[in-house]
Structure formats: structure tokens, C-alpha cells
1. If I ask for residues that are surrounded by 10 or more Cβ atoms within 10 Å (Cβ to Cβ), in a loop (DSSP other than H, G, I, E, B) and over 17 Å from the mean Cα position of the chain (by Cα), which ones from region 17-41 would you list?
2. For region 1-12, enumerate the residues that are modelled with pLDDT under 70 and surrounded by 11 or more Cβ atoms within 10 Å (Cβ to Cβ).
3. On the basis of being modelled with pLDDT of 85 or more and part of a loop (DSSP other than H, G, I, E, B), does residue 46 make the cut?
4. Is there a residue being under 24 Å from residue 31 (Cβ atoms), surrounded by fewer than 10 Cβ atoms within 10 Å (Cβ to Cβ), touching a strand residue (DSSP E or B) at 6+ places or on another chain (Cβ under 9 Å) and modelled with pLDDT of 90 or more anywhere in region 66-76?
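The values are calculated or read from the model by the stated rules, or taken from the named source; none is laboratory data. Everything quoted here is computed from the prediction, not taken from an experiment. Note that each Cβ is placed from the backbone with ideal geometry, even for glycine, and that neighbours are counted across all protein chains shown.
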């Protein structure tokens, strides 16, 4: 999902950003202490830790457009069920 250099230059951002992100807008989600508690995770994660996330999402909208530049598609998903595991503390077995 990581953007290449050309995609970073062309990326449409909801606000002006001096540094272009490595991944497209909308792929980052935020979990507060309330969501972490529901998922059974301790809030002791560190930047760079890897989490295994599985989720089910419902398609909320589908948009298909034909133009002179070709066809574009956008699908909006609402995550409804999610499970997350801390890969940093998983045993090697």
C-alpha cells in the first residue's frame, strides 16, 4: 500500500502538508484507551511495534466514474468487528 515517489507528489490530501505521507490518506486509524481496552490490549505499545489486525468491514458506498482519463473507483468501508494481537510479545513457537 506504500506510495511511490510519483504517487506522493500526486496525492490529494485533505489539508496542505509539507511532508507527503508514505501511505494514502485514510489508511491510518486511531485507537484510544477505550478501544484498546475492548480489544484486550495494554496501552504500552511503542512506535515501531507491529500489531496483527484482523477486521470485518461493511461496504458503505461505491463510486464508479468514467472520464477522459479512464475509470476510477472508490469504495468506502466501515470497520465493524476487529481483533488485534501484539506481534512483539508473541512466542516463537
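1. Matches in region 17-41: 17, 40, 41.
2. In the first step, residues of region 1-12 are kept if they are modelled with pLDDT under 70; the result is 11-12.
Selection gives 11 alone.
3. Details: modelled with pLDDT of 85 or more: yes; part of a loop (DSSP other than H, G, I, E, B): yes.
Yes.
4. No: zero hits.
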